[in-house]
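A quick write-up on the structure given underneath.
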Amino acid sequence: MTLQNTPIQSLTVLPGTNRIGDPENFNEISIHPGDTISIVGPTGSGKTAFINDIEVFAQGDTVTRRKILVNGSEPSEDLIRDPAKKPIAMITQSTKCLADLTVEKFLSMHLRARKLENNGILDAAIDLTNQFTGEKISGCMRMSSLSGGQTRSLFVADAVIISDAPIILLDEVENAGIFKNRVIETLREKKKAIIFVTHDPYVALLTEKRIVMKGGAVEKILTPGGEEQTALAQIAKMDADMMVLRERIRSGELLSAVTGAGI
Amino acid sequence: MNVRLIAIAGPPSAGKTAVVKQIIHNLGTAKVAYLKIDVVQAWEDEELATEFGIPTKKVYSGDMCPDHMGIMVIRDALLWAEELGAEYLLYESAGLCLRCTPYTTNSLGLCVLSAVSGTHAPLKMAPLIALADVAVVTKIDLVSQAEKEVFREGIHQSAPGIDIIETNAVQGTSMRYLMQIIKQMKPAESEKDTLRGVPPLGVCTVCIGKKETGWQEHFGVIRPLAVPDNLYRGE
Ligand SMILES: Nc1nc2c(ncn2[C@@H]2O[C@H](COP(=O)(O)OP(=O)(O)OP(=O)(O)O)[C@@H](O)[C@H]2O)c(=O)[nH]1
Ligand SMILES: Nc1ncnc2c1ncn2[C@@H]1O[C@H](COP(=O)(O)OP(=O)(O)OP(=O)(O)O)[C@@H](O)[C@H]1O
Ligand SMILES: [Mg+2]
Ligand SMILES: [Mg+2]
Ligand SMILES: [Zn+2]
Ligand SMILES: [Zn+2]
């Protein structure tokens with residue numbers, strides 16, 4: 001069977017067990033192209049483990065015992081093992097890259113792993129990185145010398161431009177101080193299915209579906225529909241205000257009182 | 001003979017024992033015997049005997065290259081495993097020399113590499129990887145996906161066609177692919193099996209215990225800094 005040429009219509013998460021071994025309380029979670037989902041929950045509740053299961057196409061062989069189906073059945077071996085065919089790109093929580101290479105060499109090796117020609121793709125990835133990060137990077141910098149935020153920005157750009165996968169998993173994108181709005185905009189433009197692990201109310205409310213984790217298991221699945229529109233508008237405003245503040249502090253300003261509007 | 005030999009090599013702390021544990025877990029304890037060769041210290045034999053109740057053995061190589069020691073004892077070890085009724089002998093090498101390799105013609109050669117060891121690591125261990133059947137990349141839980149894919153590309157530069165299995169060896173992720181390969185293995189032929197590669201010509205007088213520095217003090221294979229190739233000097 002040649003599944004590798006079949007586009008991804010759906011990805012299904014089947015339940016596993018929580019930290020103490022009890023079965024999870026859902027039938028299945030389906031993910032389709034263009035979906036936006038956030039994963040929320042306390043520290044240590046299993047958010048990273050959940051997206052990890054998706055990235056490795058778990059077949060009951062991870063701590064959570066979950067299973068992942070592609071288009072309704074067990075994914076074919078090359079879909080899982082050949083990076084050139086892998087429909088998923090994940091940006092992990094870690095903000096360090098250990099590869100002892102320059103940015104340019106790293107990206108060109110990744111291009112080769114994904115069996116792509118470099119028709120300007122490499123420069124496009126660096127350009128996109130620089131839209132996400134305050135301090136610009138260049139191709140001749142060493143991967144291991146990039147800051148946490150620069151590394152994360154590069155990995156997001158790499159996922160969009162080089163992996164160009166239909167499903168993108170992001171673990172706490174807001175944490176590294178990168179321009180998260182620009183990241184979210186870019187991913188939306190590209191019509192990716194996006195799964196955010198997040199502690200950020202704005203990111204959480206931007207997504208259509210919200211999965212709440214507890215004790216290693218999926219606790220709740222929320223589909224707010226229009227219900228949260230008012231809250232979202234308010235949070236968007238607060239977030240924009242925070243963004244302005246953050247940039248003013250970053251650029252070295254002293255701030256006077258910041259209460260109320262018009263910060 | 002009904003024993004299959006799985007030779008597991010790789011640098012220190014790469015995750016060889018973690019992979020061994022996953023293999024034992026999947027094969028079932030009834031069928032497995034384990035041999036560890038290390039230079040001066042190793043605990044795996046006791047650890048695995050306690051955890052799985054399987055027969056284990058350990059050999060210290062001391063002054064000898066551990067892979068050379070492995071080659072000396074492997075025929076006896078296969079007979080030992082056969083007498084015990086084991087179907088698989090898991091042989092974990094100390095993996096220090098990185099130039100010698102422990103893989104024999106009828107074994108399954110596993111080269112264990114850690115994803116956190118840097119992109120050039122595979123190139124530095126070319127013989128260890130090129131003569132193996134499968135490269136098992138561990139600790140993928142500690143790197144990002146892009147870095148994992150770049151590491152894989154580095155392995156393919158050393159050994160273009162090699163089968164690569166990426167795993168979190170503590171959890172056993174994706175071990176099913178390794179198990180498929182193990183299930184298709186042929187038994188060893190203890191007297192006929194030979195090494196796959198030619199080990200380096202290790203006959204210099206450092207090998208036999210002379211401690212002086214500088215080629216001027218030695219015989220056999222020698223090397224002045226300014227000469228591009230090894231020279232041979234008879235006594
Ligand atoms: N996070 C993580 N840790 C791992 C993984 N594989 C191994 N480790 C850890 O790495 C350490 C070394 O693993 P071992 O299996 O003992 O390595 P080894 O190659 O047998 O080491 P030596 O025999 O001493 O050369 C242990 O603490 C393991 O738990 C992995 O895939 N992920
Ligand atoms: N269902 C489960 N069964 C057993 N262990 C689990 C389960 N889910 C998660 N764990 C383990 O619990 C630990 C914490 O999980 P994880 O890293 O996913 O938390 P997190 O929600 O991402 O936390 P943080 O917000 O701090 O990043 C990990 O070691 C993970 O392997
Ligand atoms: Mg996490
Ligand atoms: Mg070991
Ligand atoms: Zn050696
Ligand atoms: Zn010598």
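The values are calculated or read from the model by the stated rules, or taken from the named source; none is laboratory data. The model shown is predicted, which means the values in this text are computed figures rather than measured ones. Note that we place each Cβ from the backbone using ideal geometry, even for glycine, and neighbour counts take in every protein chain shown. When the accessible area is computed, the model is the full protein with side chains, heavy atoms only, and any ligands, DNA or RNA have been set aside. Shrake-Rupley method; radii C 1.70, N 1.55, O 1.52, S 1.80 Å.
The residue that is nearest to the other protein chains (Cβ to nearest Cβ), counting only those in the stretch B:106-124 that are under 15 Å from residue B:67 (Cα atoms) and away from ligand 1 (no atom under 13 Å from the Cβ), is B:109. Counting only residues that are open to solvent by 20 Å² or more (accessible area, probe 1.4 Å), in a loop (DSSP other than H, G, I, E, B) and within 7 Å of chain B (Cβ to nearest Cβ), the stretch A:93-112 holds 3 of them.
Pairing residues of the stretch A:54-80 that are at positive phi with residues that are part of a helix (DSSP H, G or I), at Cβ distances under 6 Å and at least 6 apart in sequence or on separate chains, gives A:57/A:80.
Residues A:197, A:183: which one is free of Cβ contacts under 8 Å to residues at least 60 places away in the same chain and either touching a helix residue (DSSP H, G or I) at 6+ places or on another chain (Cβ under 7 Å) or buried (at least 19 other Cβ atoms within 10 Å of the Cβ) (or both)?
Values: A:197 fails: free of Cβ contacts under 8 Å to residues at least 60 places away in the same chain.
Going through A:197, A:183 in turn, just one is free of Cβ contacts under 8 Å to residues at least 60 places away in the same chain and either touching a helix residue (DSSP H, G or I) at 6+ places or on another chain (Cβ under 7 Å) or buried (at least 19 other Cβ atoms within 10 Å of the Cβ) (or both): A:183.
Applying the criterion of being away from chain B (no Cβ under 14 Å) and buried (at least 18 other Cβ atoms within 10 Å of the Cβ) to the residues of the stretch A:15-28, the residue that is farthest from ligand 2 (Cβ to nearest atom) is A:15.
Please determine whether any residue of the stretch A:142-153 is closer than 23 Å to residue B:155 by Cα and open to solvent by 40 Å² or more (accessible area, probe 1.4 Å). Yes: the stretch A:142-153 contains one or more residues that are closer than 23 Å to residue B:155 by Cα and open to solvent by 40 Å² or more (accessible area, probe 1.4 Å).
Scanning the stretch B:125-147 for residues that are within 13 Å of chain A (Cβ to nearest Cβ) and assigned to a strand (DSSP E or B) yields B:134, B:135, B:136, B:137. For the stretch A:225-245, what are the residues that are of a type in the set (A, V, I, L, M) and modelled with pLDDT of 85 or more? Correct list: A:231, A:232, A:233, A:235, A:236, A:238, A:240, A:242, A:244, A:245. Just one of the listed residues (A:174, A:219) is within 17 Å of residue A:29 (Cβ to Cβ) and either part of a loop (DSSP other than H, G, I, E, B) or open to solvent by 30 Å² or more (accessible area, probe 1.4 Å) (or both), namely A:219. Check the stretch B:150-167 and report whether any residue there is within 12 Å of another protein chain (Cβ to nearest Cβ) and within 16 Å of ligand 2 (Cβ to nearest atom). Looking for residues that are within 12 Å of another protein chain (Cβ to nearest Cβ) and within 16 Å of ligand 2 (Cβ to nearest atom), one finds at least one in the stretch B:150-167, hence yes.
So, in the stretch B:25-48, of the ones that are open to solvent by less than 40 Å² (accessible area, probe 1.4 Å) and more than 13 Å from ligand 4 (Cβ to nearest atom), which residue ends up farthest from the chain's Cα centre (by Cα)?
Initial filter on the stretch B:25-48 (open to solvent by less than 40 Å² (accessible area, probe 1.4 Å)): B:27-28, B:32-39, B:42, B:44-45, B:48.
Among the residues that remain, those that are also more than 13 Å from ligand 4 (Cβ to nearest atom) are: B:27-28, B:32-33.
Values: B:27: 20, B:28: 22, B:32: 18, B:33: 16 Å.
The selected residue is B:28.
Counting only helices (runs of 4 or more DSSP H) wholly contained in the stretch B:1-102, the ones carrying 1 or more residues that are within 25 Å of residue B:199 (Cβ to Cβ), within 16 Å of ligand 6 (Cβ to nearest atom) and among the aliphatic types (A, V, I, L, M) occupy B:66-83. The listed residues are A:136, A:115, A:191, and the only one of them that is part of a loop (DSSP other than H, G, I, E, B) and in the same structural domain as residue A:55 (by TED's automatic domain parsing) turns out to be A:191. Residue pairs whose Cβ atoms lie under 7 Å apart, sitting 6 or more positions apart in sequence or on different chains, and linking a residue in the stretch A:12-36 that is outside any loop (DSSP other than H, G, I, E, B) to a partner that is open to solvent by 40 Å² or more (accessible area, probe 1.4 Å) and among the small types (Gly, Ala, Ser), are A:12/A:72.
Of everything in the stretch B:181-207, what is of a type in the set (A, V, I, L, M) and either exposed (fewer than 13 other Cβ atoms within 10 Å of the Cβ) or within 16 Å of ligand 4 (Cβ to nearest atom) (or both)? Give them in sequence order. First the steps, then the outcome.
So in the stretch B:181-207, the residues of a type in the set (A, V, I, L, M) come out as B:181-182, B:185, B:188, B:195, B:198, B:201, B:203, B:206.
Selection gives B:198, B:201, B:203.
Within the stretch B:208-235, being open to solvent by less than 80 Å² (accessible area, probe 1.4 Å) and in a loop (DSSP other than H, G, I, E, B) holds for B:209, B:210, B:214, B:218, B:219, B:224, B:227, B:234.
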